[in-house]
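A short worksheet on the structure shown next.
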Ligand SMILES: NC(=O)c1ccc[n+]([C@@H]2O[C@H](COP(=O)([O-])OP(=O)(O)OC[C@H]3O[C@@H](n4cnc5c(N)ncnc54)[C@H](O)[C@@H]3O)[C@@H](O)[C@H]2O)c1
């Protein structure tokens with residue numbers, strides 16, 4: 001497929017979404033890029049900066065346009081599910097920033113919309129396309145872990161002064177950055193969860209979602225035999241610097257990424273021999289930048305962000321530009337459409353990853369009771 005007969009994409013929501021506009025513009029399989037935002041000033045400013053002339057102030061107008069094949073939603077959390085269902089219903093492929101939805105009913109509705117439409121859905125989970133996660137995958141492929149024995153994830157982020165839908169959000173409703181790396185590396189899903197809310201949250205933050213927890217911590221039983229995972233999420237009243245952390249504990253090696261500004265630690269031990277002490281070592285291998293997996297036209301976007309020292313976005317400042325993930329997400333979404341195959345994070349996978357958090361919050365609201373995570377297949 002050449003550029004001229006490529007995919008016609010629209011990016012919806014130009015805060016974080018702005019970052020993706022030049023990546024689509026430069027992708028060799030993308031014919032054109034449109035932009036959509038309710039805010040006319042944002043629309044004009046992003047359109048001017050990247051010379052994008054096809055602009056929509058209304059999502060409904062975008063849905064009605066027959067010269068758009070695919071949308072990438074980067075709107076606020078409460079809109080993701082409804083907009084995805086509408087886009088798929090209009091025959092458009094749909095990428096959506098996380099989370100896919102905040103209720104099990106909406107997860108099921110997006111899964112059904114993808115199936116009925118025959119179009120592609122992809123949840124754009126940055127945490128499984130970082131350099132660090134690529135490195136973990138290569139360790140897995142090389143057999144370095146041996147049997148995976150346990151997994152742990154955490155996402156710490158202080159959301160004071162973020163847009164209103166964040167205020168008092170159930171922490172586990174936005175847990176995919178901590179959950180997804182664990183379920184992806186073990187190639188499994190969560191089957192049940194016990195979760196506890198922790199800490200106290202000031203009353204005005206409890207009003208919008210009717211829930212009292214600034215922090216939630218969960219233990220998941222996984223479908224993969226004998227495996228459990230632990231996930232913690234903090235949103236308010238916790239003085240921890242931003243971090244989307246994941247840890248893979250294998251029988252022969254453990255890979256721990258705990259500090260945002262430091263490389264992960266790789267612990268290894270000599271093979272288990274009953275009756276013998278195991279020799280161990282620890283190192284900090286620098287995760288490779290996997291721009292080699294990308295078309296040359298977009299390879300530089302693993303390094304260079306739209307947001308930079310002059311123009312900042314809090315999520316980027318705190319999260320190291322999401323560690324090179326953005327062009328990989330765009331490439332996977334676009335290539336899945338071109339190749340006529342499901343995306344790597346199609347609706348069922350996205351629903352499994354998102355449901356784990358939704359069920360965890362349900363458990364926390366029931367004082368830690370066991371909650372089963374449904375299937376979506
Ligand atoms: N690592 C990640 O994956 C990551 C990082 C940051 C943000 N996010 C997600 O990205 C989303 C956006 O984050 P943000 O910080 O840019 O938020 P934001 O609220 O600052 O920006 C959202 C933009 O979408 C526009 N918008 C809202 N509803 C719209 C509609 N119906 N039609 C068209 N435009 C609409 C708004 O005008 C605004 O410009 C959030 O939902 C968040 O979950 C993901």
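The values are calculated or read from the model by the stated rules, or taken from the named source; none is laboratory data. The structure presented is a predicted model; accordingly, all values stated were derived computationally and were not measured. Don't worry about glycine lacking a Cβ; one is built from the backbone with ideal geometry, like all the others, and counts go over all protein chains shown.
All conditions but one from (1) in contact with a strand residue (DSSP E or B) (Cβ under 9 Å, 6 or more places away or on another chain); (2) surrounded by fewer than 20 Cβ atoms within 10 Å (Cβ to Cβ) apply to residue 165; the one that does not is (1). Number of residues in segment 35-72 that are in contact with a helix residue (DSSP H, G or I) (Cβ under 7 Å, 6 or more places away or on another chain) and closer than 24 Å to residue 88 by Cβ equals 13. Scanning segment 62-95 for residues that are within 13 Å of the ligand (Cβ to nearest atom), crowded, with 18+ Cβ neighbours inside 10 Å and free of Cβ contacts under 8 Å to residues at least 60 places away in the same chain yields 62, 63, 80, 81, 84, 86, 87.
From the list 225, 204, which one is outside the structural domain of residue 101 (by TED's automatic domain parsing) and not in a loop (DSSP other than H, G, I, E, B)?
Numbers: 225 fails: not in a loop (DSSP other than H, G, I, E, B).
None of the other options fit; the residue is 204.
A single member of 360, 351, 356, 344 is within 15 Å of residue 180 (Cβ to Cβ), at pLDDT 95 or above and within 16 Å of the ligand (Cβ to nearest atom), and it is 344. Considering each residue of segment 311-327 in turn, none proves to be more than 18 Å from residue 153 (Cβ to Cβ), at pLDDT below 95, in the same structural domain as residue 211 (by TED's automatic domain parsing) and over 18 Å from the mean Cα position of the chain (by Cα). Quick check on residue 98: is it within 11 Å of the ligand (Cβ to nearest atom), in contact with a strand residue (DSSP E or B) (Cβ under 8 Å, 6 or more places away or on another chain) and assigned to a loop (DSSP other than H, G, I, E, B)? Answer is yes for this residue. With respect to the conditions (1) within 15 Å of the chain's Cα centre (by Cα); (2) outside any helix (DSSP H, G or I), residue 159 lacks only one, and its number is (1).
Restricting attention to segment 10-32 and to residues that are away from the ligand (no atom under 15 Å from the Cβ) and assigned to a strand (DSSP E or B), the residue that is surrounded by the most Cβ atoms within 10 Å (Cβ to Cβ) turns out to be 30.
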